[in-house]
Every structure is written in structure tokens, then in C-alpha cells.
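J.: Here it is: the structure, laid out below.
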Amino acid sequence: MKQYDHLKIEGKWQKKWEKEGIYHAKEEGKSKKNKKYYSLVEFPYPSGEGLHVGHPRPYIGMDVVSRKKRMEGYNVLYPIGWDAFGLPTENYAIKTGQDPRVVTKKNTDNFRKQIKSIGISFDWSREINTTDPKYYKWTQWLFLQFLKNDLAYKAKMSINWCPSCKIGLANEEVVNGGCERCGTPVEKREKEQWMLAITKYADRLDKDLDEVDYLPQIKASQRNWIGKSEGAEIEFEIFGHQDKIKVFTTRPDTIFGATYLVLAPEHTLLGGLKDKIENWGEVEQYISKVKKKTEIERTSLDKTKTGIELKGVHAINPATSREIPVWIADYVLATYGTGSIMAVPGHDERDFEFATKYNLDIKYVIAEEAPEGTHPPQAGKPFVYRRAVECYVRNPKDGKFLLLEWKKNTNWKTPITGGIEESEDIVEASKREIYEETGYKNLKFIQHLGTPMHAKFYHPQKDENRIADFYGLFFELENEERDEVSEGEQSKHDVVWVEKDKVASFLTTSPTPFYKIGKNDLSYAKEGILVNSGKFNSLNSEEAKKEMVNFVGGKFKTTFKLRDWVFSRQRYWGEPIPVVHCEKCGIVPLPEKDLPLLLPKVKNYQPTESGESPLALIEKWVNTKCPKCKGPGKRETDTMPNWAGSSWYFLRYTDPKNAKAFADPKKIKYWTPVDWYNGGNEHTTLHLLYSRFWHKFLYDLKLVPTSEPYMKRTSHGLILAEGGEKMSKSKGNVINPNDIVGRYGADSFRLYMMFMGPFEQAIAWSESTIIGSRRFLERVWKIGQRDLSKIKTDPKLEKLLHKTIKKVGEDIENMRFNTAVSAMMVLVNEMDKSEINKSDYKKFLQILSPFAPHLADEMWNALGEKKSINISKWPEYDSKMIKDEEVKIAVQINGKVRAEILVSASDTEEEVKKKALLDENVKKYTEGKEIKKVIYIKGRLINILL
RNA sequence: GCCCAGGUGGCGGAAUUGGUAGACGCGAUAGACUCAAAAUCUAUUGAUGGCAACAUCAUGAGAGUUCGAUUCUCUCCCUGGGCACCA
């Protein structure tokens, strides 16, 4: 073949690979010698639209990894299947009246054909489908294990109801108060729902993240979703009543500032307090108003807090022993913590907003410790005056207080005049403090800065400079001349910081308030030093938290944002929940021998108006016998969410045809945990969390050998349309990979997908750029047509080859596919110009083969190899070849590159120095000047300072 | 508002224990080949000044540390993603 013709090559090899089954993972017994490697990609939802160019990105990425691992002698499992239950198929069925089974079959056939044309080395012999009864039998079986272990329960829940999709949604599926799919505002409905108690695993799901190798942002989003927060529960007595109000807080250190309590409108205590509440009528009205609010109203951006005081009810702050009012308000959630809070408006933004609106007490109990980085107030707006502590600076030479350098905002030039006048007693009090501290009498008040001061301090112990923005009171010594510091200039004086313990004593003994509040002012929510808190004054927040909880008799407690998982869907196209409701026996699980409980055929897939699944309409199916007492029973008509099948699918791949168990324990033990799992960013919270939860549960039942399912998790970026928008059918900008494969070839497509940019990053598709990958492959082809038998490889090229082998290998492991491709391009450009022999060329083909397997196998074959390149041994590089004997180094004069010289790698610093100084260009600069210092970085550069 | 990621030529992007910024690819310009076009090959391609050698400037903005900063520190701006009354 003279010309590179992808159409002739690619189909041929794909057929051959499939026929020989070279990508089939070996049975565990037959490959004991080889280490296993389990690489996994998220199995796709086979939509009717077919594949778009975004789908194959992760498949190709992990394909490159899997192919390399195979060549390195690993027994590789790289499987694929279909996550085929779900709404789009069901909606399509409703619209067209077609059986979802038929639609699914058609879609998966199409997907399979499309994926195969890209030459991914999936083990197709292990293909699974979540809608296959042989598969969902085990999804149902797993559900029954949850039920047996009391982790599945039915509860009356206020659920999120989408009136348009007519489906209950999990909290996770509500986006900004609307339905994740259609955006319709979600309503609340009371409904019996199946729940899975994922919260029982919350702590372990958080903690065990330490054990796994996930990308940092993936760990962060898992932790964020679990929402672990450590704090305390504290009880507040109600004056003249036996009940107590228990609150959860993460800031027990602020309790002296708790000026009122708030209960959620749904709080259970309200009934018991009814007699004491003087304005019960109003309160009742308020509660019913809140209940009517839709989710979207409650979470909308311009939410204003509303509430009502429980007149006649007073709680007692256990720290101050003072009576404080009790309110109910919609900004407190019944479902988090204890459903009630202590409000500290001085140090919590939400409480502050509420207190301001209803004119409640605001008390400040935390002083800001370090005003570094404080934002400047905006011109014309009221602001907080904070007494800064760094302003007391002292010249260590003579012990005098001075302000030595300053900046206004970021320009080094504020005149110190023109500050805001401070009231006289504050100034006097501060003067007195400094006097007591230092014995220094003749202080003159300069100003209290309204704009922040940007000053530079030197810390003699730490020997470092530090820049700080701050507000503060400033003094200088009378009759002392101040340095005039112009822009950019450094002061002559040294400055020390005030030690921390002195700061604290100053703060606590000062007779003046620490904050002056303008009318639209702020709360301070960060940690700091306690003030106005009795004997706890001058402690820092961290210490105070511990002591305060003991002081008020509270209990340390950890809470989570995570809620139990709503596991019911009132839909048709999902796994039926295998239980029977019996009037005598209650909820009875179906015996194992009756699994799978088949999804019956129906005429109409439309959910019912009452919100029941369409299954509820099939009386013949619903009415059954109770498996326990054989009396009449009714089947559960809810189905499972589509997260169910995907929570354990990777286990089924290890033994996909097993009819006796979800998988043979021996096979699970051999293959799991998954070594590397790559998927989309959109699944790094929910799917990942759910499947980790299932796995931990199975681990506790001793059904799987590890507590974590995936050792390593990465994610790939989205492929966007050419304009940078998301690809979608409605915008008509979807690109079908098969068009590209037809025109440029699967290998060019694969190479381009890997080359176009960093794998984790979203990137816009660009058709014009793919030509570069095609040209590269044509060049590879052309070089292969030379007579390679006689020629010796140029030494320079040989070195480059070994460097490239090293780099490509490392880049693949680190998912830097783009730079791996670029390194191979550099190599081929060099090959074009020089001579290469057959064996070196074959090595290059081998490192190219994970990226362009068809072309590599074709040329490998043409060079006389009988077996596929994909099962050949990954080439090793010669570490001797990688070291350069001669290196080019840069010569810098005063930090600027002025020349380049060639030196031998063995040259000493002295020799290099000599060579550098002899260089003509260098001479030009050094002539007649004194050399102060020479800095030499081996193999990189030499810097000559004049 | 909070958390995470990012900001480098006309474009996608390289460059991390701080050490020659712009690898590789696309596009563009000129030339070779051709009756012509495509393809291919060769050269140039960050900006400004200069006939040139070369010089100066340049990695979102400003500052700091350093002989030397895309890389480290601080402040600010912008973009993308996630969370959002979670006490």
C-alpha cells in the first residue's frame, strides 16, 4: 500500500481483534502470574440521539492507559455496559407508545456500533445492561439486603415533586429550587417513600477519603456534600416551663453574644409551648404561610428572612443567665442540627440581618485579632471602626513608639493627616494604655484612620517583613520628627510587633467598646479574641470553644448536611422494588427465589395523576399473595432511581453471567478494587457517593473485600461545541464522531482527542485542527515505506527515541496525553530528517500504538510481526541514552540572557565559568567591569553579576 | 456570599524542587512544484524600534521576596464549575 488509507486499515483490524479476543480479560485462575489492572469508565446512558464527540473522550483516555498496561504485562479488565433505565427513554415511550425495551435495544445497538468504530479495547464479552432482568435481579437482591439490615425503610416524607415530570425528586435532583431536568419549580408533597440510610455511613464516607487517590477537587466535592461540621449541642432553659430548647452551634465561643433563640416553624416543641404563647393565633398563621411556600421561593436569591416572636416565652442564656426572647423564623431549617439555633447577631450574618430587621439586641463578643487583609470601606458608606493592634509599633533602639511607613490602599503615599476624628475619651484611654504598657508619656494622637493603612513591619525574631492593611488609632511622640517617606522608599527605622499577650490584656482592660456600629453595619463572623464574655475574655476562639461548652453543660457533637437517600420513584422504567404489602404482616420482602421481580408490560407508560407509578394500574400484577402468610397482598409499585443499577455495576463486570450470585466472591477478590476510575465531573458527587455507600455496606456484610470501591478517581473535561457552548440537540451543534472517523479515520480522531488539550479541562471542539493529527499519521506512514532494513539509526535520533519512550510512558500514567502526543510529533519531525533502522522504528510504533492502534498494527504487521502490536511488550528506554554529553547553557549577565554556550556535561563549574567569560558576546558586556558574583545552575545556566 | 479550578501569541496549548517564556499543533505570509488548484515541501510568524547586528517590552492588574518569578507570598480584577439561609 503506497498511500495511508484509513478506510482499508481500520475495519480490518477491528474485525481481527474481535475475532481473536485479544482484549478479553483473562479468567483469574488462568493468569495467576500476571498482576491485574482494572480500569473503568462510567457506562453510558444509551440515549436516542446516539454518540456525540464528547462521549469517547474518557473511553479513549482510559483505552490508552489500558493498552499500555496490557503491553506492560498486566491482566487488564476494561469493560463496558449500559446504564439504560431512566427518564428520557421512558418519556420517548410515552410519546410514541413504544415499549422502552425495544427503544433501549435499538439505542444500545447503535451506541455499540459507534463505539466499536473508534477501536476502543473494551472487553465486549462482559457487556452488561442494567435493564436486563438477569442484571436487575441482583440490584433487587441488594436492595433486600439493605432492607434486612434496617438500612432501607419507608417514611412519610415531604418530597420534592416536579409537577411537569410528575415525579418525586431526591434533594440531589433539585437545582435552584427547580427540577434538574425541566427546570419547573418543585412543589412539596407528603408521600410515603423508600429511604436508604446513607447518613449512617456519613462519617466513614468522609473519613475514608483519606485512604484513596482521588483528584483533590473530587475529594473536596465529596466532603462538601457530606458537610461534616463539628460543634456542640447546648440546652437553653425556658423560663417557667419544664421543656428545654436544644440548639446546635459551631460557635459556642460566641454564646455571650446570643441575644435570642430561633426555632424552625416545623419544630416539634411548638405544640407543647402552645399554652405559654400569648400570640398563638398569629404564630399559627405564620406557620401555615411558611408551609405554602414553594421550594423555589424558599431558596430564591432575594430571600428575605421572616419570623415572629413567641410572646410570653423566654429562654435563659446559660452563659449570662439573662432572659432572651424566642422566635420562629423561616431561615432556620427543621432538618438540620436540632431545628433550632441560638442567634448571635454580632457574629453571624444571617442573625445580624434578622436582628436588624426586627430590632433585636446585637452584642459583640469577638474582637478581630489580625486585621490583615481587611477590605477598605467604600467611600460615602458607614463603616466599622476597629481598634487595630498593630499600630502600636516601637523602635527597638530607643523604645519609642512610631509609625514608620505607611501606604494608603496600595500606593505608598498617604499623608497621615486628614483622618477621622476619634472621640476624646477613647483617645485618652488608649494613651493611658500605652503609657501603662511602656511608661511613655508624651504621646500625641495623630488620627484614627477611616481608610485602611497599608504598612510594612519588620519582625526581628522571625527576620521577615510583613505587609498589613488595618484601621486604627495612631500616636506619635511629641516633638519627634517623623520620617518623610516617599513612594517606594524604605524607612530607616525598625519596627517590632506588639506581642500577643499584651494585645489581649489591652483589649480586655480597655474601657471603650471595640466596635462602633454605623447604621447599616456588619457582623464579624470570623474567629478572634473574646471580649464582653466575663471570665473568658482574652481567650482565643479555639480555646474558648472547649471551655465554654463545659461551662454551660453542653455536649460536643458532629452533624452532617447529608440526608437519607430518597430511593423511590413513581415511574415505570426502573427496577421494581421487590416487596409486598400485607395487611397482616406489613412489609414483606420477596423471597430470593422469586427474583427477579419482572417489570410487567403496560399499555400506558404515563404516570398517574395521583402520583402513583403506572404499575399501580395493573391490577393483576399489583394483587398478589403475601409470601409469608399467603393471604392477599399488594405489590409495591414504586421503582428504584437510576442510581441503583450504577451503584454496583463495576462488581458485575468481574462475573457478568453469574446466575447464582451478583458475582463470585473469588472473582471480586481478584479484580477489585478498581485501580483507576475515570468519569465526568457531573458524577463526582452523587454517583460516586452512592456507590461508595453501597460498597461500604457490602463490605460490612463481608461480601466485598475492600471498604472503598475505587482506588483512584479522575475526571475528564467536557467537549464543547466550536463556539464554546455546550453541545445539545436543541442547539443543533452536536458533532457525531462517526462523521469524523469516516473522514479522517479513527486513529486521527483518537490522536486529536488526546492532543487537543489537558484531559481534565473542558475544551471546544475544533474541526480545522484535527488535520494536524492526520498529517502526523501520514508522515509516520511515509517513514514506514522507506527501506529500513539496512540503515543504522542516527545517534542523535536514537537518543531522542529513548527520551520519548520515557516521556510518553510517564505522561500516560499522569493523564498528560496531550504532551505525550506532542513528544511523539517532535520525534517524528526528527525522523523525517534522519535515518532510522527497523528495530528503532518498531519501538516507536509500540509507543504510538495505544493512541493509534490500527495504523500501528498495520505497520507492525508489514514489518513482519505475526502477533498484534497490542500484545507486544512495551519498550524499555536505556537510561544511559537519556543523559546528554553536551549541553547548551544560557549565559546571563545581571539576570539577562546574553549568550549561549556549549559545554560538556562533565565540565566543572570552573571550566564552565571560563568558557562563558571567553564568549565574544559575554566579553562585550564584561569588559572593564568587575565581576561580583557568579551563579551556576548545572546544565541550565550561568549568571554573571557585574 | 462560600468552596474549587483557571487567566500565557491570531487560536488550542507547552514550560513546577524558581533557571533561556511561547514546545507541539492549527491558522497566516512568502517561495518551490503545477497549465491551474488541492496536497506536499522550504522559510518566516509574541509586540515595538532598527537597513542590520541588536535593543526594549511582554505570561489578567498592582506590589513583595530573589542574582533570577508564568512558577513562591500578599492585595485586587475577570472567567468557568460546584454549593447555597446547613447555625
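J.: Just to verify a number: FRET efficiency for A:Glu865 and A:Glu909, C-beta to C-beta distance, R0 = 45 Å, to 0.05?
T.: 0.35
J.: Can I get the semi-axes of region A:697-778's equivalent ellipsoid? Compute them from the C-alpha gyration tensor as square roots of 5 times the eigenvalues, in angstrom, largest first. Walk me through the numbers on the way to the answer.
T.: On the way: eigenvalues 250, 61, 30 Å².
Values for region A:697-778, descending: 35, 17, 12 Å.
J.: I'd like the accessible area for A:Glu323: 1.4 Å probe, protein heavy atoms, all chains in place, Å² to the nearest 10.
T.: Here the accessible area works out near 100 Å².
J.: What is the dipole size for region A:1-155, taken about its Cα centre, with +1 at each Lys and Arg Cβ and -1 at each Asp and Glu Cβ, in debye to the nearest 20? The partial results should precede the final answer.
T.: Values: 29 positive and 18 negative charges, 141 e Å.
Its charge dipole is roughly 680 debye.
J.: Oh, and also: Please work out the Kirkwood hydrodynamic radius for region A:94-241, using every pair of different C-alpha atoms, and report it in angstroms with one decimal place. List each step's numbers first, then the result.
T.: Details: mean 1/r = 0.0488 Å⁻¹.
About 20.5 Å, per the Kirkwood formula over Cα pairs.
J.: List the lysines whose Cα lies under 16 Å from the Cα of A:Lys2, skipping any in the same chain that are fewer than 8 positions away.
T.: Filter leaves A:Lys782.
J.: Next question. Let me spell out the model: positive unit charges on the Cβ of Lys and Arg, negative unit charges on the Cβ of Asp and Glu, origin at the Cα centre of region A:582-627. What dipole size does that give, in debye rounded to 20? Intermediate results must be reported in sequence, preceding the final value.
T.: Details: 6 positive and 6 negative charges, 42 e Å.
Approximately 200 debye in magnitude.
J.: Sticking with this one: Show me, for region A:941-946, the HN-Hα J-couplings you get by feeding each phi into the Karplus relation (A = 6.51, B = -1.76, C = 1.60, θ = phi - 60°), rounded to Hz, glycine and proline as x.
T.: 7, 10, 10, 9, 9, 9
J.: Follow-up. Compute the signed sum of charges (Lys and Arg +1, Asp and Glu -1) over the other residues within less than 15 Å, Cβ to Cβ, of A:Gly732.
T.: Neighbourhood net charge equals -1.
J.: Now for a separate question. A:Gln217 to A:Glu583: extension gain in nm, 0.36 nm per residue of separation minus the Cα-Cα distance? If you can, show how the numbers build up before the last one.
T.: Working: separation 366, 0.36 × 366 = 131.76 nm, distance 4.96 nm.
Length gained between A:Gln217 and A:Glu583: 126.8 nm.
J.: For a quick check of your reading of the filter: which chymotrypsin sites (Phe, Trp or Tyr not before Pro) in region A:783-869 sit in a DSSP loop and have no more than 16 other Cβ atoms within 10 Å? Intermediate results must be reported in sequence, preceding the final value.
T.: Details: sites: A:Phe817, A:Tyr841, A:Phe844, A:Phe851, A:Trp860; in loops: A:Phe851.
Loop-located and lightly packed - none at all.
J.: Let me ask something else about it. Using a 1.4 angstrom probe with every protein chain in place, what is the largest-first accessible-area order of A:Arg743, A:Arg189?
T.: Details: A:Arg743 135, A:Arg189 80 Å².
Listed by decreasing accessible area, they come as A:Arg743, A:Arg189.
J.: Cross-link candidates for A:Lys923: which lysines have Cα within less than 26 Å, leaving aside residues fewer than 8 places away along the same chain?
T.: A:Lys888, A:Lys896, A:Lys913, A:Lys914, A:Lys915, A:Lys932, A:Lys933, A:Lys938
J.: While we're on this one: Based only on Cα atoms, what mean projected area does the convex hull of region A:863-915 have, in nm²? Walk me through the intermediate numbers first.
T.: On the way: hull surface 27.8 nm².
Mean projected area for region A:863-915: 7.0 nm², to one decimal.
J.: Which of the peptides A:194-201, A:748-755, A:663-670 is most tightly packed, and how do the rest follow, going by the mean number of other Cβ atoms within 10 Å of each residue?
T.: Packing order, densest peptide first, comes out as A:748-755, A:194-201, A:663-670.
J.: Indicate the gyration tensor shape class of region A:624-667 (rounded, prolate or oblate), computed on the Cα atoms with a ≥ b ≥ c the square roots of the eigenvalues: a/c under 1.5 is rounded; otherwise a/b larger than b/c is prolate and the rest oblate.
T.: Working: a/c = 4.80, a/b = 1.86, b/c = 2.58.
Oblate is the answer for region A:624-667, as a/c is 1.5 or above yet b/c matches or exceeds a/b.
J.: Going by accessible area, probe 1.4 Å, with all protein chains left in place, what is the ranking of A:Glu353, A:Glu865, largest first? Don't skip to the answer; put the middle values down first.
T.: On the way: A:Glu353 85, A:Glu865 60 Å².
From most accessible down to least: A:Glu353, A:Glu865.
J.: Quick check: net charge around A:Leu205, other residues with Cβ under 11 Å of its Cβ, Lys/Arg +1 and Asp/Glu -1?
T.: Working: positive: A:Lys200, A:Arg204, A:Lys207, A:Arg223, A:Lys228, A:Arg692, A:Lys696; negative: A:Asp203, A:Asp206, A:Asp208, A:Glu708.
So the environment of A:Leu205 carries a net charge of +3.
J.: How big is the dipole moment of region A:809-849 about its Cα centre under a simple scheme where the beta carbon of each Lys and Arg is +1, that of each Asp and Glu is -1, and everything else is neutral? Debye, nearest 20, please.
T.: Values: 5 positive and 7 negative charges, 29 e Å.
Magnitude of the dipole: close to 140 debye.
J.: Now for a different question. Keeping every protein chain present and rolling a 1.4 Å probe, give me the accessible area per residue for region A:44-127 in Å².
T.: Details: 2410 Å² over 84 residues.
Accessible area per residue, region A:44-127: 29 Å².
J.: Next question, about the same structure. With a bin width of 10 angstrom, please list the P(r) values of region A:608-700 as percents of all Cα-Cα pairs, from the 0 bin to the one holding the largest distance.
T.: The percentages, shortest bin first, are 13, 30, 25, 24, 7, 0.
J.: Read phi for every residue in region A:898-914 and hand back ³J(HN,Hα) as whole Hz from Karplus 6.51 cos²θ - 1.76 cosθ + 1.60, θ = phi - 60°, with x for Gly and Pro.
T.: 10, 7, 10, 10, 9, 10, 7, 4, 8, 4, 7, 4, 4, 5, 5, 4, 4
J.: Beyond 28 Å between alpha-carbons counts as too far, so tell me which of A:Lys191/A:Lys601; A:Lys35/A:Lys702; A:Lys26/A:Lys106; A:Lys207/A:Lys244 fall in that bin.
T.: Numbers: A:Lys191/A:Lys601 26 Å; A:Lys35/A:Lys702 24 Å; A:Lys26/A:Lys106 30 Å; A:Lys207/A:Lys244 33 Å.
Exceeds cut-off: A:Lys26/A:Lys106; A:Lys207/A:Lys244.
J.: For region A:748-799, what D do you get in µm² per second when you plug the Kirkwood radius from alpha-carbon pairs into Stokes-Einstein at 4 °C and 1.567 mPa s? Working shown, then result.
T.: Details: Rh = 13.5 Å.
Rounded, D is 96 µm²/s.
J.: Near the amide H of A:Val53, under 5 Å away, which other amide H atoms are found, from residues 5 or more places off or on another chain, if H is placed in the peptide plane?
T.: The list, which skips near neighbours in sequence, is A:Ile735.
The values are calculated or read from the model by the stated rules, or taken from the named source; none is laboratory data. Only a predicted model underlies this, so the values are computations on that prediction, with no experimental measurement involved. Positions of Cβ are generated from backbone atoms using ideal geometry, with glycine treated the same way; all protein chains shown enter the neighbour counts. Side chains included, ligands, DNA and RNA excluded: accessible areas come from the protein's heavy atoms. Shrake-Rupley method; radii C 1.70, N 1.55, O 1.52, S 1.80 Å.
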